[in-house]
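What follows is a set of notes on a single structure, which appears directly below.
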Amino acid sequence: MTISAQPQAALAPQAFKSDYKPVWCPGCGDYSVLSSLTKAFALLELQPERIAVVSGIGCSSRIPAYTTCYGFHGVHGRALAAATGLKLARPELTVIAAGGDGDGYSIGGNHFLHACRRNVDMTYVVMDNHVYGMTKGQPSPTTEPDWDSKLSPGGTGMRAFNPLVIALAAGANFIARAFAGDPNTTAALIAEAISAPGFSFVEVLSPCVTFRPEQRDWKQMVRAAPVQWTDDAARAARRLMTDDGMNIGVLYKGSRAAYRTHVAKTSKRPADLEEEFRI
Amino acid sequence: MPHGTSERRTSVSVAIAGSGGAGVMTAGNMLLEAAAQAGYYALMTRSSGPQIRGGEAAAMIRIATHPIDGTDDRYDLLIALDWMNINRFAAEIPLGAASVLVGDPDQGEPPDVFVKSGARYTPVAFKAAAKKIPNGWPNMIAFGLAGALVGLAEETLASVVRKSMKKGGDALAGSLAAMRAGVEAAAAIAGVPRIGAAPPQTARWLVTGNQAAGYGAIRGGVRFVAAYPITPATELLEWMAPALAKVGGALVQAEDELASINMILGASFGGVPALTATSGPGLSLMIESIGLGITAEVPIVVVDVMRVGPSTGIATKSEQSDVNIALYGMHGDAPHVVVAPNSVADCLLTTQWAVHLAETLQVPAIVLADQFFGQARAVVERPADVAFAGDRKTAPAGAESYKRYAVTASGVSPMAIPGTPGVTYTADGLEHNERGTPSSQAADHVAQLEKRARKLASIDYGTHWADVEGEGDLAVITFGSCTGPVREAFARAAADGVHARLVSLRLLAPAQPTRLAAALEGVRRVLVVEQNHTGQLYRYLRSEYELPGTVTSFHRPGPLPMRPDEIHRQLIEWSRA
């Protein structure tokens, strides 16, 4: 990370918020996540032009334009791929990928697995509300199997996806769970995720008050994780497999070195590459 | 009859076939290198069975006294170390009554398909002869035989053997002895034409189209590549991996084509010229995101090394059937650039040009290469240096009230690069206003559609839009790997006193109606030549261009390469009409 090397004066969280009015419903958890994200940037004394927020499609994926950072609002499900390309091409930037559970775990599920494996030094913030909100209420991979909807009457019958366990198994180097209703803790967790080397994954429980109003109860259900994070993947797996999904905090920190692209032993001018073709 | 008395020709074609482990590719490559060393032009294509490793294979080499970009109508010589599954390749190795067929009698009789051609058969006991030579192998006998029959000097053949077996020792001695046994066996075989005197020496390369395209990309400024393996584009990516690292760039292997296209969009958004290479199935997966590149105005280059489609099709064979998807694949009104190289060497220029166009116009560019060039290895004139480089218009720091998608006269608007203060913005696939704010307003949609369309007309495509050659009131319009065979057909027709014009389109999109009209002025018949089942280029030309006189479509699908005779016959027929 090159954050400390920046000479500019530290900015307030507000300096990272754009003047665009979000499309989100009143009461949406994503407002708090936006606040937490900008607070994290301020905490780390970053400059907006040295941050890129990359997203796919969905309610939460609108977040890049609500910041004053560089933003990339791409196609559905491919935020992690675009973020990976950006970070590898411009390693000095702070790269945040952000989006929802449908974008990240369903259409983008393959990229999630491989981003964890690849362990590029970037942070992935998923605003998980267990529903497709932009298309008005269809079950996502984290939706309970019996949740009734127009598209899947009586429920999908599919087991809910456990993103943290999957991230751990696939190799993510930093895993945390946050709750949108506690923006200060979320800001601290995102800041820690950005500072951690390699691929950092922050799953934020972010209620959808429109299609999942019962998620208002999350406020009473969440708690600080009862134990300190572990660097032991087996122990972390056991905890993540057995908790009720409401433990908030850093849950796993690994020690894998961040991904680097191949560096040649010798450097050449482009014009010299033709040597191998000459007869 | 000593081979010294054989006819001398400007082009000789040889195929060497055999089953897995027989080493026919090694022998073929060595023949290609020997021809290069002796000062000839040459081109080698290959064919192999479906096995991942081993399996029957054929190396097809054409040696010529002049530059060549395609295969000839027939092979003058087929050497088969055995006949295992050779029927699979029979159609790719057309023989005639003047051809010479050499096979190992201990491996059985030549198959009917070759016998029927009337080719003269001579048995050579490769396996038995190789057994008598310590460390000798049948493929080295075949190499010596082929080299001697086409008229390459024994010393040239020996130097290639030495070069390819740098360890020396018994293995080298065995290979040299086997090669010499082949040269001796040649004395008993008549009827193979010898190649004429080598042309004057010029600077030349031995290169594949995939390598040339990769090098063109680097010359154009590409410094980021995302790669997902797919036949026949893999070698382009594999060549670029170490080469990019040497020039300070980066290549990452992606988990799928959806990832690779989005990785390059991310890298290019970050200001680094970026490319991926794929083939039809991968291009299909990338299409949605190429549309993102168009709307968000992120320059990228996608090389499509076309293979036989649709679906998995025939992965190792050429077909020019991705014209439609490259031109029309995107949903919405999506102006972009499509270019097509028309020779192995031109893969360099065209890919370099594609980078230049993409960067200058802030638009995705698709390079429609094809398997024939991609995987052909050829001796070519060293391509001329061209100055095309990435020329992206960027926004300076703190530009007053910066508008990323400003509606400018040219349509091109300065692009802020992350890291630049005061001009941050969000690149968006949603329709947007000039600032980049998502907008569903009709006026914004129309203004941005027109801006994006206008960009493509804002640059001078110069003389590179097509190769235009020849005179006369007959014309052939073609592109890609059909160009070489069309040129040969023209040379033959000229010998018959029939002259025609060639337009080999390098720039497929945006269409250049004014330029084509000028190129075809006075033409009364047009033949559109392409290698696909439905005449995709013909249909595109009919929709975008006013073509003069009678227009005929000559199209047929792969996997067999277009051959000069097919086009020559059409020209002669016309000239009599």
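The values are calculated or read from the model by the stated rules, or taken from the named source; none is laboratory data. Since this is a predicted model, take the numbers as computed values, not measurements. Glycine also receives a Cβ, built like all others from the backbone with ideal geometry; neighbour counts cover every protein chain displayed. Calculation scope for accessible area: heavy atoms of the full protein, side chains included, ligands and nucleic acids excluded. Shrake-Rupley method; radii C 1.70, N 1.55, O 1.52, S 1.80 Å.
Observations on the structure shown:
- Condition met for residue B:495 (over 29 Å from residue B:456 (Cα atoms) and buried (at least 24 other Cβ atoms within 10 Å of the Cβ)): no
- Among the residues making up region B:214-243, those that are of a type in the set (Val, Ile, Thr) and under 19 Å from residue B:344 (Cα atoms) are B:218, B:231, B:234.
- Within region B:324-344, being over 11 Å from residue B:509 (Cβ atoms) and surrounded by 24 or more Cβ atoms within 10 Å (Cβ to Cβ) holds for B:341, B:342, B:343, B:344.
- Answer from A:135, A:123 - the residue that is more than 10 Å from every other protein chain (Cβ to nearest Cβ) and either open to solvent by 50 Å² or more (accessible area, probe 1.4 Å) or more than 22 Å from residue B:428 (Cβ to Cβ) (or both): A:135
- For residue A:210, the test of being under 23 Å from the mean Cα position of the chain (by Cα) and more than 26 Å from residue A:175 (Cβ to Cβ) is passed.
- Among the conditions (1) within 14 Å of chain A (Cβ to nearest Cβ); (2) more than 19 Å from residue B:185 (Cβ to Cβ), residue B:51 misses just one, which is (1).
- Flag for residue B:318 being out of contact with any strand residue (DSSP E or B) (no Cβ under 6 Å at 6 or more places or on another chain), surrounded by 21 or more Cβ atoms within 10 Å (Cβ to Cβ) and either within 26 Å of residue B:503 (Cα to Cα) or not assigned by TED's automatic domain parsing to the domain that holds residue B:250 (or both): no
- Condition check for residue B:446: closer than 30 Å to residue B:562 by Cβ, β-branched (Val, Ile, Thr) and surrounded by fewer than 23 Cβ atoms within 10 Å (Cβ to Cβ): no
- Any hit, region A:262-279, residues being surrounded by 14 or more Cβ atoms within 10 Å (Cβ to Cβ) and under 21 Å from the mean Cα position of the chain (by Cα): no
- Which numbered condition residue B:230 fails, given (1) open to solvent by 10 Å² or more (accessible area, probe 1.4 Å); (2) hydrophobic (A, V, I, L, M, F, W, C); (3) more than 8 Å from chain A (Cβ to nearest Cβ); (4) in a helix (DSSP H, G or I): (4)
- Among strands (runs of 3 or more DSSP E) entirely within region B:504-577, having at least 3 residues that are over 23 Å from residue B:461 (Cα atoms) singles out B:525-530, B:550-555.
- Residue that is most open to solvent (accessible area, probe 1.4 Å) [pool: residues in region B:383-404 that are more than 30 Å from residue B:323 (Cβ to Cβ) and in contact with a Phe, Trp or Tyr (Cβ under 9 Å, 6 or more places away or on another chain)]: B:403
- Remark: pairs (first residue in region B:438-455, over 17 Å from residue B:413 (Cα atoms); second residue at pLDDT 95 or above and among the charged types (D, E, K, R); Cβ separation under 9 Å; 6+ apart in sequence or on different chains) = B:438/A:62; B:438/B:428; B:438/B:431; B:439/B:431; B:440/B:431; B:441/B:431.
- The residue that is farthest from residue A:128 (Cα to Cα), counting only those in region A:56-90 that are assigned to a helix (DSSP H, G or I), within 15 Å of the chain's Cα centre (by Cα) and more than 7 Å from every other protein chain (Cβ to nearest Cβ), is A:87.
Conditions (1) open to solvent by 40 Å² or more (accessible area, probe 1.4 Å); (2) under 22 Å from residue A:141 (Cβ atoms); (3) in contact with a Phe, Trp or Tyr (Cβ under 6 Å, 6 or more places away or on another chain); (4) not acidic (Asp, Glu), marked per residue:
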residue: A:33; (1), (2), (3), (4): no, yes, no, yes
residue: A:48; (1), (2), (3), (4): no, no, yes, yes
residue: A:58; (1), (2), (3), (4): no, yes, no, yes
residue: A:62; (1), (2), (3), (4): yes, yes, no, yes
residue: A:91; (1), (2), (3), (4): yes, no, no, yes
residue: A:109; (1), (2), (3), (4): no, yes, no, yes
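- Residues (of a type outside the set (Gly, Ala, Ser), open to solvent by 70 Å² or more (accessible area, probe 1.4 Å) and more than 14 Å from every other protein chain (Cβ to nearest Cβ)) located in region A:227-261: A:227, A:228, A:229, A:231, A:235, A:238, A:239, A:241, A:242, A:244, A:256
- Subset tally (residues that are within 14 Å of residue B:459 (Cα to Cα) and basic (Lys, Arg)) for region B:357-396: 2
- Helices (runs of 4 or more DSSP H) contained entirely in region B:90-169, each with at least 3 residues that are touching a strand residue (DSSP E or B) at 6+ places or on another chain (Cβ under 6 Å) and either of a type in the set (A, V, I, L, M) or open to solvent by 30 Å² or more (accessible area, probe 1.4 Å) (or both): B:138-150
- Residue, nearest to residue B:387 (Cα to Cα), within region B:193-220, restricted to residues that are open to solvent by 10 Å² or more (accessible area, probe 1.4 Å) and within 8 Å of chain A (Cβ to nearest Cβ): B:219
- The residue list B:182, B:191 contains one member that is over 25 Å from the mean Cα position of the chain (by Cα), assigned by TED's automatic domain parsing to the domain that holds residue B:152 and part of a loop (DSSP other than H, G, I, E, B), which is B:191.
- Residue count, region B:251-291 (criterion: in a helix (DSSP H, G or I), open to solvent by less than 10 Å² (accessible area, probe 1.4 Å) and either not assigned by TED's automatic domain parsing to the domain that holds residue B:314 or not aromatic (Phe, Trp, Tyr) (or both)): 15
- Residue, modelled with the lowest pLDDT, within region B:1-51, restricted to residues that are open to solvent by less than 30 Å² (accessible area, probe 1.4 Å), polar (S, T, N, Q) and assigned to a strand (DSSP E or B): B:47
- Pairs linking a residue in region B:17-37 that is farther than 16 Å from residue B:83 by Cβ and touching a residue at least 12 places away in the same chain (Cβ under 8 Å) to a residue that is of a type in the set (A, V, I, L, M, F, W, C) and open to solvent by 20 Å² or more (accessible area, probe 1.4 Å), with Cβ atoms under 6 Å and 6 or more positions apart or on different chains, are B:36/A:279; B:36/B:206.
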